[in-house]
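These notes are about the structure you will find just below.
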Amino acid sequence: MKRIAMVVGLSSLLTLVGCATLFGGGSHQKLTFDSAPEGATVFMNGQQLGVTPLNVDVEREKGVVFTFKKDGFNTASVVADTHLNPWFWGDVVAGSLLSTTIDTATNSSVKYSDDRYFVTLSPVGAGQDAAAKRNEVSSYIVTNYGAIGAELGAPLSSKPSSQGQHIVALADMVSLPGEDSDRLPTLTVLHELYTSTHSAPDFANAVLTKFGMN
Amino acid sequence: MSRLFLILLIALLPVTAASADDYLSSLEAAAQTQRLGDAPEWRALLHYRGHASEVVTPDFFLAADGRHDPAAELGATLAAFFAPAMDADASAQCRFVARYHWLKEQLHFDVARLPERQCPAFTRWYAGIDAGDLVLVFPAAYLNNPASMYGHTFLRFDRTGRGPEAELESPAVNFSADIAEGDGLAAAYKGLFGRYRGRFQIEPYYRMVREYADIQDRDIWEYRLAYTPAERQRILEHLWELKDARFRYYFFDRNCSYYLLALLDVARPEHPLALRFVYQVIPGDALQGALSQPDLLEQERYRPSLATRLRTRLAAMDDTDRARVLAMLSGHLTPGTMELQALPPGRQAAIYDTVTDRLLYTGARGEQEKDDYAPLMQAVIQARASLPEDADALPTPGTDPALGHGSMRLGLGAGSEAGSCYTELSLRGAYHDLLDPTPGFAAGAAIDMGEITLRRYAADARVHLESLELFEVTALTPRDLFYQPLSWDVGAGWGRRWLGAGRRPLLGDLHTGLGVSYDLGDGGLIYALMDASLLTGGGIADGYALGMGPRAGLLWRAAPRLNLELNAAAQDFPDHLHGISLGYTAAANLALGRDASLRLSWSRQGLPGDMEDETGLHLYWYF
């Protein structure tokens, strides 16, 4: 009996040490889809799931492609995340779907948490530069929403660059980069938009609309 | 008139083609005369190492055997520059911009005979990068992912003329392996034996910061490098060439750091960095290799992780304010109440900032839904808005990886074991143990890979194998108010073990431990683990023994160059060894410099009533 306990104990410890992150989750996963703009119909491998903003229970499987369609906008397809952060390899970055600016993407998507996707759709006929700008801003917002909020909580002083990199970077993205004094009006607007919205997708949509990118 | 023009055009075509062929021939002859196919710059651009290129993508080469024949590849490249292309972006000049510019510089292309193409896609991409300074980024070790324990390296191109506030938007250049979900343990095999392909990718830097600093609790070190604008341009042009290229990925020696060095080598091929590494490329070694170039380091910056920032804030508070932080997080203290307003503004700000960091921390790791903590975050932000700006100093950087010792270690030692004098020689492949000099490494973290120890006793002319350690990985991550990780270790190899009655056989040893650690402050760390071991070998009845038992220890960085350790362990092997196996160890390691240390050790092990003492004095060189 003791021997069995020892074997079980040793096996359990070995399993816990290295392999806990390998085997997780059940056969289903709850996913949330948001988009800019909202109201995009979401398909999973061709099967319609609903309209954004959308919470849905999906079956975990390989080779899943999510498609987002909305009249007047280019269709976006997102390959479900290849989880690039397995137990062993540190040379990979987890959860990145926006692979490279070398491949100029008309649409972009961000998996900004384990179960949430945010897709920026570009209007049909929109220029590549404008689409890239929308993607850049929306991806940045949903990725850094918490830090943006925390930095906007500090008093908006006359020296904005000292307040935090996240909001200064956002201010420079939505308006022309400039001196600190040029950023203060933009930061004030961002502060108002942040406090009047309640989620990352909402804030992203509000920023894109306010600064003429939606 | 148009007919005359057509006749002239048809008549001139063979002449034009002949003229182009003549010019191509003259360029090929000049290239041969100058032996450009063997030039370091050309070999760096084609990633040749030895007799073959390390790029495994066929389309990267223009010659049939371009992967093995740099001269043929150069000839094919020159010919391709003359080839017509309906789409300029698909032409060789635009696909291989770095090759084109280097060959143009070496062979002084006559643009009248070899017109230079406009490359719209490349031009747009290059302008978008808007590259200014080049920064080498090192996310420090991540204890709970074995491969990430060595750290990581990637590059960042800061935007021209923009200050630190724009860093988050900057493009980061990262080399990574294409690993698919579901590979599981097969990933270990595939990564060790080159079954994965790797490639360069560009990500916004803020994503890297979020992944490494916010989610993986890794401090980030940023080293601004003094590459000239021409050198940076060469690196970027080559990165464009590599956008579809794949490399074979090997975890130990053809990894992120190796290919990153290879990318930097195109800028300074006369001082190749990648070629210095033969058997392994550990990120810390790669970092030190890159920074070893004279006058290359312009500026160094430290970016603490969220976890480090949180720990620093907590450490700066008294118990009362820590209690207030907990109360606010659990909903028992509302932001902006009179109790808080009565505090000095600086203390209020510190409490709110700590709560904010904690919410960001749990949110980043998915431990709490944003909808759940958003109301508290909003309330904290509103209460914080009227207070002074955060004046807290950043956490003090204590483990600059550029200061770390070399990852290989050679040891010479002497001592006494059960009254017999011995001398000893050891060699370790990598990386760092708990007593090795601390600068550059995380406290409480150790990875020993491939260490062999040979011992010779004074009374015996033979050399004995004392131990062969395949790996020993230890992560003693201290628990605190918010973060309760498990501490653990795992190891495998062969070592001698005192079994009493004069027996000290060489046994196979597979072991693991789980437990907890706590930071005592002032460089002290205590730990307690429950170990499980499987011993194998002819020295044991039935050939194997399973045992479990507790182990406790104290690690103390007593002085900047002095590390101390005490530990005690007891293991019960109920069916195969008689009695409980005990072990006590005390050791002190004095750093003699960055790459040398002196270690004094004492240990007692065995069975109750039948134990042996061992002492040793070892000199270690790290390289």
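Numerical summary
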item	result
Geometric extent, Cα atoms of segment B:244-299 - Rg, Dmax (angstrom)	11.4, 33
Rounded tilt (10° steps) of B:370-384 against the dominant C-alpha axis of chain B	90
Calculated FRET value between A:GLN29 and A:VAL65, using beta carbons and R₀ = 22 Å, to 0.05	0.90
Counting all C-alpha pairs of segment B:399-476, share separated by more than 19 Å (%)	45
Residues B:ILE580, B:ILE282, B:ILE381 arranged by fewest to most Cβ contacts within 10 Å	B:ILE580, B:ILE381, B:ILE282
Percentage relative contact order, segment B:306-392, counting C-alpha pairs under 8 Å, at least six apart	36
Residues B:THR33, B:THR153, sorted so that the one with the fewest Cβ neighbours within 10 Å comes first	B:THR33, B:THR153
10 °C / 1.306 mPa s Stokes-Einstein diffusion coefficient of segment B:62-192, Kirkwood radius on C-alpha pairs, µm²/s	85
For segment B:306-337 and segment B:96-112, distance of Cα centres in Å	62
Taking all pairs of distinct alpha-carbon atoms in chain B, Kirkwood radius in angstrom	28.5
Phi to ³J(HN,Hα) by Karplus 6.51 cos²θ - 1.76 cosθ + 1.60 over segment A:201-214, Hz, x for Gly, Pro	x, 4, 5, 4, 4, 5, 5, 4, 5, 4, 9, x, 10, 9
Values of log10 I(q)/I(0), in the order q = 0.12, 0.16 Å⁻¹, for segment B:130-303 under a Debye, Cα-only, solvent-free model	-0.53, -0.98
On Cα atoms only, tilt of B:256-265 relative to the major axis of chain B in degrees	40
Cleavage-rule hits (trypsin sites (Lys or Arg not before Pro)) in segment B:439-511: DSSP loop, at most 11 neighbouring Cβ within 10 angstrom	B:ARG462
Whole-Hz ³J(HN,Hα) from phi, Karplus 6.51 cos²θ - 1.76 cosθ + 1.60, for segment B:321-337, glycine and proline x	5, 4, 5, 5, 4, 4, 5, 5, 5, 8, x, 9, 9, 8, x, x, 5
Over 24 Å (Cα to Cα) - which of A:LYS69/A:LYS133; A:LYS69/B:LYS243; A:LYS133/A:LYS210; A:LYS70/B:LYS243; A:LYS30/A:LYS69; A:LYS70/A:LYS210 fall in this group	A:LYS69/B:LYS243; A:LYS70/B:LYS243
Taking B:TYR150, B:TYR205 and counting other C-beta atoms within 10 Å, the order from fewest to most	B:TYR205, B:TYR150
Chain B: angle of helix B:70-82 to the longest principal axis, Cα-based, in degrees nearest 10	50
Surface/4 estimate of mean projected area, convex hull on alpha-carbon atoms of segment B:247-357, nm²	11.5
Estimated FRET transfer efficiency when R0 is 41 angstrom, pair B:ARG462-B:ASP253 (beta carbons, to 0.05)	0.75
Free-standing Cys, chain B [no other Cys Cβ under 4.7 Å]	B:CYS256, B:CYS421
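Just so you know, all these numbers are worked out from the coordinates, no wet-lab data involved. Values in this document were obtained by computation on a predicted structure and should not be read as measured data. All Cβ positions, even for glycine, are placed from backbone atoms using ideal geometry, and neighbour counts span all protein chains on display.
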